[in-house]
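Written out below as structure tokens is the structure these notes cover.
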Amino acid sequence: MDQTRPDSPLDPAAVRALVEVTSAGAGSGASLEEIAGGAAAAAGGERAAIWAPGPEGTETFVAQGARPDAAEAIGRALEPLTVPGIPQAEAAVPDARAPDPPACALAALGAAAGVAVPVPMGDVVGALMLVECADWEGLDPLRRHAVRVAAARAGGVLEARRLRRDLERSMEQILLTDERMLGRMGLDIHDGPTQQLSVALLEVQLLEAELGDAQASGQPAPATLGPALARIYETVGGALHEMRELIGHLRPAQFEDRRLTEILQDAIAGFERRTDCQVEATWLGEFPVNGVSITQRITFYRILQETLTNAHRHGNASHVRVTVTEECAGVGIEVADDGVGFDVEDAAPRGGQTLARFGLDGMRDRAQVLGGSFAVVSEPDAGTTVRVFLPRWGGVEAPS
């Protein structure tokens, strides 16, 4: 049988179009522009676009070959439509000069004719795909199927984007609630145990003064009383210092409308005020306010706080180097100290029992819940290096 004839059951060109649509932008980085381009090729045209309205405005994804201002013009043409008003069935548009919104949008795309295909998102039609096509009704059935497949793939990508945005908003609320709770805990500690420890320390100081006055006047005192008071003074003083350090650690930062570098610098400045450890910070990137979501800013801030605390408290470090790098794929932070280090293998989970420090587990969990990575490199007497990377997120489509 001649498979090259246009009217053959399986036109090879139509099969190739279906394969290209199916594989366009495959993977987690599926590109809506690529999917639109595959739909245009399947329909025998050069132009296609996907229009997606939402609560935060509309988005338009245009395949290559369209007019430079096509996305904006399509948005204006389809502005009268809302999600319930999107056509529920595909509709051929033989003349883009017609006055209805899909025809106006095709004209804005630069097409003379085409088809408007609804894009399913879950249980509803949530977007519209516009594809240039000279004769939709006369098109090979397999090519029409390829266009519909492209619309379904676009719906899957848009639904995943919507779910990511919803998850990001939910996590933002959770983390901000956690920050408020931490702030409240800090205030409670300051107003309760810290005040009591301060009073106890003052009482010890008064006892020491009275003991000194008694000894100066020749009154005898037990030989063990002075050393005992000194030990009490040291213990209570140390506890008070730890409590104040904890309060500083719990103090909430201002995350809204601030660049990541400013927020992390707050953590570094607070750490240097509380310790004798020096921190050298390097910022590699622009770090715009909207370039890193609030959830990521909170996560980086808390991980840096914990890492610096570990370097000082457990590593006895005197110098820490912090490097924050902005990349197209996301943001990474590296914290390297000159402390005593530790055996990472000994700190790894074994036999269902975790031997890792609680702080390391918490930092790893914070990074992984945002789709990031967390790694620790350390050896005894060789310092410790912590690396964290968080990908671009917050509803922003991952680079393909």
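Just report the Cα centroid separation between the stretch 297-344 and the stretch 44-89, whole Å.
45
Can you give me the % of accessible surface on the stretch 29-161 that is carbon or sulfur? Probe 1.4 Å, all protein chains present, nothing else counted.
It is 55 percent, rounded to a whole number.
The values are calculated or read from the model by the stated rules, or taken from the named source; none is laboratory data. Quick caveat: nothing in here was measured; it's all calculated off a predicted structure. With ligands, DNA and RNA removed, areas are computed over all heavy atoms of the protein, side chains included. Shrake-Rupley method; radii C 1.70, N 1.55, O 1.52, S 1.80 Å.
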